[in-house]
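The values are calculated or read from the model by the stated rules, or taken from the named source; none is laboratory data. Please read these numbers as outputs of a predicted model, since none were measured by experiment. Heads up, the Cβs are rebuilt from the backbone with ideal geometry, glycines too, and the neighbour counts pull from every protein chain shown.
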Amino acid sequence: MAALLLSLAAPVAHADAPSPDIASAPLTPLREAHNASEHPRSPVSVLTPPPGSLCPQFWGLGVLAGFTVTEMVTVDKLMWRESRCQPAAWNKQDPGTGSRGLVQINSSWHGWLKRQGIIRDITDLFDPETNLWAARAVYEYGVGRYGWGFYPWALKP
């Protein structure tokens, strides 16, 4: 079990991520990097969220997407702040065609996420698993570009 947790928490290596509107060679698809095809599509409880978690039902998916337990504390707050833990949340008033899903991925990321092989269509972001994989990719972009993974959500280190 410990080996599984360590392999899921390992960071995904990637080149400097481009701004979302600039075409580039795709990153190694995150699902492939974590061999997600071996995991079931439904949430898997690989840890017990800490007391007081706001969106505990999505912790297993977040860890499978590559977030560490420490990062999940922030992701948990982010999911609550952005969508109140509602996968179908859609803020149509955000720029472009709005922001979607648990962590409210803005439509400006649509093309970039497609090139990374994370989504096929922007509506894929309403799926909690896909939304968290997309969040991890955006997080990795934030690390590469700004040195802080949660920068794209305007969270300060």
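Of note:
- Any pair with Cβ under 8 angstrom, 6 or more apart, that starts in region 89-115 at a residue that is free of Cβ contacts under 8 Å to residues at least 40 places away in the same chain and ends at one that is among the basic types (Lys, Arg) and surrounded by fewer than 22 Cβ atoms within 10 Å (Cβ to Cβ): Gly98/Lys92; Lys114/Arg120
- The residue list Arg115, Arg136, Arg81 contains one member that is at pLDDT 95 or above, buried (at least 22 other Cβ atoms within 10 Å of the Cβ), out of contact with any Asp or Glu (no Cβ under 6 Å at 6 or more places or on another chain) and among the charged types (D, E, K, R), which is Arg136.
- Picking from residues in region 53-71 that are without any contact (Cβ under 8 Å) to a residue 60 or more places away in the chain and within 18 Å of Val138 (Cα to Cα), the one that is surrounded by the fewest Cβ atoms within 10 Å (Cβ to Cβ) is Thr70.
- Counting only helices (runs of 4 or more DSSP H) that sit wholly inside region 60-157, those with at least 1 residues that are more than 24 Å from Pro50 (Cα to Cα) are 110-115, 128-146.
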